[in-house]
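The values are calculated or read from the model by the stated rules, or taken from the named source; none is laboratory data. These figures come from a predicted structure and were not determined experimentally. Cβ placement follows ideal geometry from the backbone for every residue including glycine, while neighbour counts extend to all protein chains displayed.
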Amino acid sequence: MAAEFQRDLEKDNISSEEITKRVNRSRERITGAPVVVILCLDMSEMDAYPDARRKKAEYIIATQSAANAGMQLLLAAHAEGLGGVWVCSPMFAQETVQKALNIPTTWEPQAMFLLGYPVDTPPVRERKKLQEIAIFL
């Protein structure tokens, strides 16, 4: 993944110093985590449709289901006193992750969770009021 991340950053015309910094930080986060979980999407048991509109909808449904599973994982980890961070870097290197972990090609890596006991607990960020982000009918 680091090599693909580096190539992507080079395409973005980022300085070599900054690329090295970002790639090293990413590598340290992954290798420093006590537990790494890769969340995958598998369409093999989803409904098959002949038209593009419903195929797209079914893929979105599967993506939403995978994301919901990821959120539940983070909530469960938190309930056990663990800290966790959700990163989507496997999305940019799906084949590399599949090969490195020897997982089926039908399993599309969607996210990576880095889990462990936190050294610090950051202060809770101020949230917007519900009325600012929701419309009630």
On the given criteria, is M71 at pLDDT 95 or above and surrounded by 10 or more Cβ atoms within 10 Å (Cβ to Cβ)? yes
Consider only pairs whose beta carbons are under 9 Å apart and that are at least six residues apart or on different chains; among these, list those whose first residue lies in the range 94-107 and is farther than 18 Å from M46 by Cβ and whose second residue is acidic (D, E) and surrounded by 15 or more Cβ atoms within 10 Å (Cβ to Cβ). T96/E4; Q98/E108
When (1) free of Cβ contacts under 8 Å to residues at least 60 places away in the same chain; (2) under 17 Å from I38 (Cβ atoms); (3) not in a helix (DSSP H, G or I) are applied to T121, the one that fails is (2)
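Yes/no matrix, rows are residues, columns are (1) outside the structural domain of M1 (by TED's automatic domain parsing); (2) touching a Ser or Thr at 6+ places or on another chain (Cβ under 9 Å); (3) in a strand (DSSP E or B):
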{"position": "L41", "(1), (2), (3)": "yes, yes, yes"}
{"position": "L75", "(1), (2), (3)": "yes, no, no"}
{"position": "H78", "(1), (2), (3)": "yes, no, no"}
{"position": "P90", "(1), (2), (3)": "yes, yes, no"}
